[in-house]
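The block underneath contains the structure these notes are about, expressed in structure tokens.
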Amino acid sequence: MNCLYCDTAIALEMSWRNLLFPTVQPKLCESCDRKLLLIGEACCESCSRPLKNVAPKYIKENKCLDCIKWEQDPNWTNTLEKNISLFQYNDFLKEVVARFKFRGDYELAKIFSGELQRQLRTIEYEMLVPIPLSKERLLERGFNQSEALGQVAGIETDHVLERIHSERQSKKTRKQRLSQQQIFRFCGDKKQVFEKNILLIDDIYTTGITLRHAAKVLKEAGAGQVHAITLARG
């Protein structure tokens with residue numbers, strides 16, 4: 001088997017134990033695996049932003065200033081309960097995500113399956129909802145990266161959201177993202193989500209506005225709490 005990122009052959013240790021009790025096949029070689037770093041415990045308890053290099057004046061009660069501001073805004077308070085990001089958004093992960101998301105390398109989603117499965121077992125939720133792409137982006141990429149992450153983790157996703165604006169979020173400034181109008185609409189049966197604990201899944205948490213737009217639509221449709229899981233905190 002070869003590394004999904006660099007294609008280096010992965011040498012598996014052969015032993016009677018491995019033959020009798022086969023383990024999960026590694027997705028990355030040792031060199032690439034060392035570059036995929038978990039965020040760890042020193043992070044904002046609301047959005048998973050790493051706090052190691054954040055000045056104390058921007059942290060309050062284990063939350064970053066951004067999350068405090070979100071909860072102080074009457075338009076967004078109690079919209080998104082929490083985001084759990086898994087990995088540090090270093091240069092290696094940025095390149096992996098770019099190849100996966102923008103260059104259509106679906107197989108790279110498997111790199112994250114093990115950690116996603118582990119984290120999903122620790123979260124109480126009733127529906128996993130992927131952040132949708134516009135029709136234009138879906139045709140361009142061939143798949144929805146958020147849905148793909150759920151699929152490789154072996155979790156069925158529910159499609160109850162539809163994107164109504166197709167502008168690329170990656171091309172917008174932070175100010176433009178925060179000031180944009182609602183970008184989703186509910187497209188399911190409200191009975192599906194009524195008082196349910198819903199988990200959104202996406203690739204990167206950047207400003208948090210995309211997840212909050214999605215959470216707001218779900219709550220307006222009758223959902224209970226809305227949390228999110230993402231690969232990284234940008």
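The values are calculated or read from the model by the stated rules, or taken from the named source; none is laboratory data. What you see is a predicted model; the values in this text were computed from it and never measured. Backbone-built Cβ (ideal geometry, glycine too); neighbour counts: all protein chains shown.
In table form, for the structure just shown:
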item: Test result for R141, within 20 Å of L93 (Cα to Cα), charged (D, E, K, R) and modelled with pLDDT under 95; result: yes
item: Hey, N75 surrounded by fewer than 20 Cβ atoms within 10 Å (Cβ to Cβ), under 23 Å from A215 (Cα atoms) and out of contact with any Phe, Trp or Tyr (no Cβ under 7 Å at 6 or more places or on another chain) or not; result: yes
item: Filtered residue count, the stretch 39-53, keeping only those that are of a type in the set (D, E) and more than 16 Å from the chain's Cα centre (by Cα); result: 1
item: Test for N90: is it modelled with pLDDT of 95 or more, surrounded by fewer than 15 Cβ atoms within 10 Å (Cβ to Cβ), over 20 Å from V152 (Cβ atoms) and in contact with a helix residue (DSSP H, G or I) (Cβ under 8 Å, 6 or more places away or on another chain); result: no
item: Residue within the stretch 161-183 that is in contact with a Phe, Trp or Tyr (Cβ under 6 Å, 6 or more places away or on another chain), under 19 Å from E81 (Cβ atoms), at pLDDT 95 or above and among the aliphatic types (A, V, I, L, M) present; result: yes
item: Number of positions in the stretch 45-66 that are surrounded by 10 or more Cβ atoms within 10 Å (Cβ to Cβ), free of Cβ contacts under 8 Å to residues at least 60 places away in the same chain and either touching a His at 6+ places or on another chain (Cβ under 8 Å) or under 25 Å from Q225 (Cβ atoms) (or both); result: 9
item: Tally of residues being farther than 27 Å from A223 by Cβ and hydrophobic (A, V, I, L, M, F, W, C) across the stretch 95-136; result: 7
item: Residue among E124, E136, E107, E95 that alone is among the acidic types (D, E) and either closer than 28 Å to F194 by Cβ or surrounded by 20 or more Cβ atoms within 10 Å (Cβ to Cβ) (or both); result: E124
